[in-house]
1. What nm distance separates the two modelled labels at GLN318 and ASP187, each placed 7 Å from Cα along Cα→Cβ?
2. So if we plug the beta-carbon distance of GLU334 and LEU301 into 1/(1 + (r/R0)^6) with R0 = 56 Å, what FRET efficiency do we get, rounded to 0.05?
3. Looking at ILE325, LEU297, ALA285, which one has the Cα that reaches farthest to the positive end of the dipole of region 273-332 (charges on Cβ: Lys, Arg +1; Asp, Glu -1)?
4. If you roll a 1.4 Å probe over the heavy atoms of the protein chains, what accessible area per residue do you get for region 135-253, in Å²?
5. Once label points are set 7 Å from the Cα along Cα→Cβ at both THR279 and THR113, what is their separation, rounded to one decimal in nm?
6. Would you work out which of THR113, LEU53, THR85 lies farthest towards the positive end of the dipole of region 43-136? Charges go on Cβ: Lys and Arg +1, Asp and Glu -1.
7. If we count every other residue with Cβ under 13 angstrom of ALA38's Cβ, Lys/Arg +1 and Asp/Glu -1, where does the sum land?
8. Per residue, how much accessible area does region 256-334 show when a 1.4 Å probe rolls over the protein heavy atoms, in square angstrom?
Amino acid sequence: MIRASALSVAALAVILAPLAPAAAAAEDDPVRWSIAPADADGADGRRAVEHELGPGERVDEHFVVRNLGEREITFRITAADGFFTQTGRFDILADAAASTAAGTWITAPAAVTVPAGESVVIPFSLAVPERAEPGDYAAGVTASILSAGSAEGGASVGVESRVGFRVLTRVTGEITPAASLDSLVGDYRLSWNPLRPGEAQVSFDVVNDGNTRLAATGAVSVGGRTVSFPAEGQQAQELLPGDRREITVEVDEVWPWVLLITTVTLAPEVLAISDTDATIAPISADVAIWAVPWPQLAILLGAGLVVWAILWRRSRSQRRISAMIDDALQRGREEGRNEMTDRVGAS
C-alpha cells in the first residue's frame, strides 16, 4: 500500500479553507467530504483551532466531519505535528507515529462513520505537557479514506486521501520572537535592447530564530528601485519556530551600473493567537550584484570606432592634400629654376 506523503490538492484547499469539500475514491463512486472546527452543535466558522495554554493545561474542543457523498463512509481520524513546506503550504506528518510535539497533545477517536449526506460532531482534547517550552506549536487533525489507484506498470495500489484543519497552540511563558537573514545571492539579467533596463533577482533565507510564528514581510532595494515582498495579492510566507525558508524577489526596471549594491530589509510580523505587543525590529543585509552593461558598452565601442574611422579618414585626407600641395610647390620651384636657367643661357 502506498500512503500519500503530503496532503492532496483538495486536502490542502480544505486545510486553508476547511469548509471546502474534497473528493476521492473511484470515479464512478466519488466520496466528497469536509472537516472543520466546531462546537457541540456543529461548524462554528473557524478556519483553525487556536489556543493559548500554560504547561499542564487542557482544553476540550470539537470538529465536524461532513459526508457529501451518496453512501455511508468510515473516515480515519489522525492528529500529527504540522509543518510548512518550502512552497509555504501547511501540511502534517504522513506518519502520526513520527510526531514528537503538538501532534501528540491531541486525543481524538481513531475513526468515525458518517451516513450519506450527514455530518457528525466529534469531541477531541488538547493537553499541553507539564514540561512544554514556551512558544508556538502547530499540529493538524485530518479525516481520511483509502481509495484505489494505479502505480507505474498498472499495479493496483491504495492511496490515502485526507483533508483537515490546523491546531495552533501557544504555550505561555517567555515569548522571544527573533529572525535573521542568511544566504543572500543576487543575479542580474540583461536586456539586450540597450535602451531598456534589465532585471535583478535576489534570493535569501529567512530564519525564524525565536519561539513564535512569523510572517516574512519586507522589501528589496536595488539600483534605485524598491520592491516589497510578498507581492500585492500574495500571502506572506509563514514560519514556525526553527523554520528556514528561501524567498526570491525579482526587481524589474534596473539599469546595469556595473556593480549594484542590493539591500534586503526584513520586517517580520509576529503572528499572535492572543493579544500581544511582541515585535521584531527590521533587519537589513546587503549583497553585491555584478551588472556589466554589455549592450551599452557595445554601442559605445561601436560609436568610438565610427568616430575613430571618421577622424582617421579626415587625417588621411589632410595628409593627401598636404602632399599634393607640397608636390605642386616643389614642381613650381623646379619650373622656376628651369626657366631662370633658360634665360641665363639665352643671354
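The values are calculated or read from the model by the stated rules, or taken from the named source; none is laboratory data. Keep in mind that this is a model prediction, so the values were computed, not measured. Heads up, the Cβs are rebuilt from the backbone with ideal geometry, glycines too, and the neighbour counts pull from every protein chain shown. For the accessible areas, the whole protein counts, side chains as well, though only heavy atoms, and no ligand, DNA or RNA atoms are used. Shrake-Rupley method; radii C 1.70, N 1.55, O 1.52, S 1.80 Å.
1. Inter-label distance under the simple model: 5.1 nm.
2. 0.70
3. ILE325
4. 43 Å²
5. Between THR279 and THR113, the label points sit 5.7 nm apart.
6. Of the listed residues, the answer is THR113.
7. So the environment of ALA38 carries a net charge of -2.
8. 73 Å²
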